[in-house]
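Here is the structure we will look at.
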Amino acid sequence: MAQRKHKLFRKVDSTEVQGEGSYVILKAMTFGDMKVYAGYLDSSDKTEQYKLGYDLLKSLIMEWNWVDDDGKPLSLPKDDDAVLDLLPIEELTFLTDAMGAGVKSREAEKN
């Protein structure tokens with residue numbers, strides 16, 4: 001029986017940026033998401049590129065148990081537009097790297 005190898009949702013350990021026990025559940029990019037991403041790459045308007053990239057990141061973060069500096073839970077980006085603006089660069093880099101990790105691991109398997 002067929003079984004999908006690359007699941008649509010994956011849980012990523014985020015200990016390196018949020019401490020032990022932290023995680024984020026990311027949705028893998030789909031063809032529909034790629035159409036949005038293609039618009040991001042094709043746009044020469046930097047404001048439009050930022051907005052499309054921001055919207056894409058928000059749409060791929062399904063769940064997390066992240067907290068702010070005071071240990072208070074952070075809202076999910078899809079529920080609070082401002083939350084991504086509050087993340088330190090290390091956390092944003094972690095998220096963007098984690099989004100591409102599924103693609104990178106598949107490319108590594110080919111080589």
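Results, tabulated for the structure shown:
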read-out	value
In sequence order, calculated HN-Hα J values of region 49-55 (Karplus, 6.51, -1.76, 1.60; Hz; x Gly/Pro)	4, 4, 4, 5, x, 4, 5
Net +/- balance of residues flanking Asp69 in space, Cβ distance below 14 Å, scoring K and R +1, D and E -1	-3
Calculated from backbone phi, Karplus (6.51, -1.76, 1.60) coupling profile of region 22-35 in Hz, x at Gly/Pro	7, 7, 9, 9, 10, 8, 5, 5, 9, 4, x, 5, 4, 4
For region 87-98, Karplus couplings with θ = phi - 60° (6.51, -1.76, 1.60), whole Hz, Gly/Pro x	6, x, 4, 4, 6, 5, 4, 4, 5, 5, 5, 5
5 Å binning of all Cα-Cα separations within the chain, expressed as whole percents from 0 upward	2, 10, 19, 23, 20, 13, 8, 3, 1, 0
Under-5 Å amide H pairs with Asn65, H placed in peptide plane, nonlocal only	Tyr23
In nm, spacing of pseudo-spin labels at Thr30 and Glu16 (7 Å Cα→C-beta vector)	2.9 nm
Lys, Arg +1 and Asp, Glu -1 on Cβ, resulting dipole of the chain about Cα centre, debye, nearest 20	880 debye
Pairs beyond 22 Å (Cα-Cα), from Lys35/Lys78; Lys11/Lys78; Lys5/Lys27; Lys27/Lys72; Lys5/Lys51	Lys27/Lys72; Lys5/Lys51
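Just so you know, all these numbers are worked out from the coordinates, no wet-lab data involved. This structure is a prediction, so every number in the text was calculated from the model and none was measured. Cβ coordinates were reconstructed from backbone atoms using ideal geometry, including for glycine residues, and neighbour counts include every protein chain displayed.
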